[in-house]
1. Restricting the first residue to the stretch 48-71 and requiring it to be surrounded by fewer than 17 Cβ atoms within 10 Å (Cβ to Cβ) and modelled with pLDDT of 95 or more, which pairs with a second residue that is part of a helix (DSSP H, G or I) and not aliphatic (A, V, I, L, M) meet a Cβ separation below 7 Å and a spacing of at least six or different chains?
2. I'd like to verify a number: residues in the stretch 113-153 that are open to solvent by 30 Å² or more (accessible area, probe 1.4 Å), part of a strand (DSSP E or B) and modelled with pLDDT of 95 or more, how many?
3. Among (1) crowded, with 19+ Cβ neighbours inside 10 Å; (2) more than 14 Å from Glu35 (Cα to Cα), which single condition is Ala100 missing?
4. Could you please find all residues in the stretch 72-89 being among the charged types (D, E, K, R), open to solvent by 40 Å² or more (accessible area, probe 1.4 Å) and assigned to a helix (DSSP H, G or I)?
5. Give the residues of the stretch 91-120 that are without any contact (Cβ under 8 Å) to a residue 40 or more places away in the chain and closer than 18 Å to Trp143 by Cβ, sorted by residue number.
6. Just checking, does the stretch 10-22 include any residue being in a helix (DSSP H, G or I) and open to solvent by 40 Å² or more (accessible area, probe 1.4 Å)?
7. Condition first: in a strand (DSSP E or B) and either among the hydroxyl-bearing types (Ser, Thr, Tyr) or at positive phi (or both). Now tell me which residues in the stretch 90-112 satisfy that.
Amino acid sequence: TPQGTHEVRRLELRDEQPPTLVAEAEGAGRDYELERFRGACPDELLADMQVLREAINDAPEGGEYEAFPPNRIRGYEASLARGRQTPYTIVARHRGTGEAAGITIVCVHELRPAIAAQEDTSVLAPHRGHRLGLRLKLAMLDWLRAERTDVASVDTWNVPGPPHNDFDFLA
């Protein structure tokens, strides 16, 4: 049964990010710090990863609930490794409570790294309204730009809508 539609947008890493958007996202999310890791999730973050991955369940398009127990997360990571894909993950964490608040994941296929693939970007409901989704995605683009010069662009899937510029859908 059709669950909804998505649009694929390609973000070019050579394009500079709009400075006003970066400043807005950093200002709105100043109560959050970003932590990142490449590859499999560290064991000490696995419980946070489960909560963050399950946050996608309240996305606007609906559908069946998806659980992300640790064995599913580890299976997904093993599948990526077998397929020669490297996940890059950034987590937003609330400075005052230490609570994990949001996540974004991008996968780079090591045999054809030019176009990376955006995986989930989610922000837990109590932490919305701080432009964390935008901040996470902008930070990811910066990280890839600095570390992965072989990545030229990132394909991202979003609910359809007319953006005013290439970054409006990140909000």
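The values are calculated or read from the model by the stated rules, or taken from the named source; none is laboratory data. No experiment lies behind these values; they were computed from the predicted model shown. Because the Cβ atoms are built from the backbone with ideal geometry, glycine has one as well, and the counts that use them run over all protein chains shown. In case anyone asks, the SASA skips ligands and DNA or RNA and just uses the protein heavy atoms, side chains included. Shrake-Rupley method; radii C 1.70, N 1.55, O 1.52, S 1.80 Å.
1. Pro69/Gln50; Pro70/Gln50
2. 1
3. All conditions pass for Ala100, except number (2).
4. Selection gives Arg72, Arg74, Arg82.
5. Thr104, Ile105, Cys107, His109, Glu110, Pro113, Ala114, Ala116, Ala117, Gln118, Glu119
6. yes
7. Thr104
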